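Please read the structure below before turning to the comments.
Read the figures in this text as sums done on the coordinates, not as results from a lab. All values derive from a computational prediction rather than experimental measurement. With ideal geometry, Cβ positions are generated from the backbone for all residues, glycine too; neighbour counts draw on all protein chains shown.
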Amino acid sequence: MAQKAIREADGKVMMARLLKDYTDGKYKIQNKFISVGPETDLKKLPSTYKWLQKEKLVVKPDQLIKRRGKSKLLLLNTDWKEAAKWIKARMNKPITVSTVTGILDHFIIEPFVPHNEKDEYYVAITSQREGDTILFHHKGGINVGDVDAKAAKLFVPIGETPTSQEIEKKLLGKAPKERKVLIAEFMEGLFKYYADLNYTYLEINPFIVEGKTVIPLDLAAKLDDTATFVSSRKWGSIDFPSPFGRMLSKEEIYVEELDAKTGASLKLTILNPEGRVWTMVAGGGASVIYADTITDLGYMNEMANYGEYSGDPNEEFTYLYAKTILDLMTRKKNPKGKFLLIGGGIANFTDVANTFRGIIRALREYMKKLQDNKVKIFVRRGGPNYNEGLKNMRALGDEIGIPIKVYGPETHMTKIVSMALEGGK
């Protein structure tokens, strides 16, 4: 499961379009959410959205920035003239939030909803391997604090859907009595919406209740982007922005484009293009373990990249992914040489021989550059057809004159890290 965050405006527009379908039409959210980017012509917005000049407004950056209120990045209870002025003053300007500096280039505009802070509620749904967890806290908002410690929780196994009665009983003990049924029914529909649309994370903090209407004031969400082929039609026109303060390189963008074309998962983050330790790891969990091991051994500053390939990518996609990493790795020489760790756990269904054929094609193509960069390669893999894959990898080392140490599932998954970096210690 690959989780990618979406913009608040995209999440709210999607909810306005679709939540009613999961609540038998009971819960309708007005679609009054405008996304403003660098290309948006602010002068034309009022003619398209008549309500802009009739209602009080809220404006805030929409770039995956946390705690915008505490960072004074909210304009509340304002009119259209001041909203447009506020955006213009900040558009394409740098700003530092905590210790991260980035360029503000996306904003969300929506109606201002007057309310009492004591009427703010918190709800979130998160996904784990075995199912999903619903969290609720009767005191939401900017000062919600440590929700994980405070919130009531309900675990929902895969394939099950909690009833509103179950939600009310297990989560809403401290909610106002007169609103329990309404909130419970809303949360039942919200869970159905979450599960059917392949969300992996959804947090609404806060939401308020106005009469019989639930209004989400602030929203953060992530989707399983490997479900694009299933859910993209319902998702509508959305993008997956980079974290605030981080600009993607052309190689990272290229791998994202590859990832979007396959049902498998291909991920790449460049940490230090001049680093000596490069990884090509199969599996999201394994990639974390390898990164932790490299860090534990004291080589964090030498770790060049982070990423993974998984979900049984075919030979061509694996070749293109490996080629991208090898190109980055061999651009600048280091007199001490470099290491390439081709690792992973024991695959359940990924054909090791097939993916290794793609990697081997790339290694052959970059033979001379790998030699010039004094690259040593360490391989550890298990799973379907792993013997054939490892055999081909050993033969490749002799063929191209590059040291390739190859190990199977009898060797601990991350043992090749210490073998490479500490000579087997």
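Measuring nothing but how far apart in sequence close Cα pairs (under 8 Å, 6+ apart) lie, relative to its length, the chain scores a relative contact order of 13 percent.
The phi-based Karplus calculation (6.51 cos²θ - 1.76 cosθ + 1.60; θ = phi - 60°) puts the 3J(HN,Hα) values of the stretch 113-126 at 10, x, 6, 8, 4, 5, 9, 8, 10, 10, 9, 8, 10, 10 Hz, whole numbers, x for Gly and Pro. Other residues within the sphere of radius under 15 Å centred on the Cβ of residue 360, judged by their own Cβ, net out at 0 (K and R +1, D and E -1). Subtracting the Cα-Cα distance of residue 26 and residue 237 from their residue separation scaled by 0.36 nm leaves 73.4 nm. What you get for the chain, charging only the Cβ of Lys and Arg (+1) and of Asp and Glu (-1), is a dipole of about 1100 debye around the Cα centre. In order along the stretch 340-347, phi translates into HN-Hα couplings of 10, 9, 9, x, x, x, 9, 5 Hz, rounded to whole numbers, per the Karplus curve 6.51 cos²θ - 1.76 cosθ + 1.60 with θ = phi - 60° and x for Gly and Pro.
Inter-part distance, the stretch 197-241 to the stretch 372-406, computed on C-alpha centroids, equals 44 Å. Distance from the Cα centroid of the stretch 118-171 to that of the stretch 40-77 is 28 Å (rounded to whole angstrom).
Computed from the C-beta positions of residue 142 and residue 261, the FRET efficiency with R₀ = 51 Å rounds to 0.80.
Along the axis of the charge dipole computed for the chain (Cβ charges of +1 for Lys and Arg, -1 for Asp and Glu, origin at the Cα centre), the listed residues 206, 87, 36 are led at the positive end by 87. The GNM of the chain, with springs linking C-alpha atoms under 10 angstrom apart, assigns the highest mean-square fluctuation among 202, 45, 219 to 45.
Remark: the chain is approximated by an ellipsoid whose semi-axes, taken from the C-alpha gyration tensor as √(5λ), come to 46, 25, 19 Å, largest first.
Along the positive direction of the dipole of the chain (beta-carbon charges: Lys, Arg +1; Asp, Glu -1; about the Cα centre), which of 286, 247, 99 reaches farthest? After comparing all options, I get 99.
The lysine pair count for the stretch 34-111, using Cα distances under 13 Å and pairs eight or more places apart or on different chains, is 10. Per residue of the chain, the DSSP helices (runs of n ≥ 4 H) give a summed -39500 (n - 2.57) that works out to -10000 deg cm²/dmol at 222 nm.
When the convex hull of its Cα atoms is viewed from all sides, the stretch 34-111 shows a mean projected area of 4.8 nm².
Among the lysines, select those whose C-alpha is under 19 Å from the C-alpha of residue 169, and discard any that sit fewer than 8 residues away in the same chain. Partners found: 139, 150, 153, 177, 180, 192. Placing +1 on the Cβ of every Lys and Arg and -1 on the Cβ of every Asp and Glu, with no other charges, gives the stretch 250-422 a dipole of roughly 700 debye about its Cα centre.
Convex hull volume of the Cα atoms of the stretch 250-422, normalised per residue: 96 Å³.
Summing Lys, Arg as +1 and Asp, Glu as -1, what charge do residues with Cβ under 15 Å from the Cβ of residue 212 carry, residue 212 excluded?
Counting the neighbours of residue 212, the net charge comes to 0.
Angle of helix 8-18 to the longest C-alpha principal axis of the chain, folded into 0 to 90 degrees and rounded to 10: 70°.
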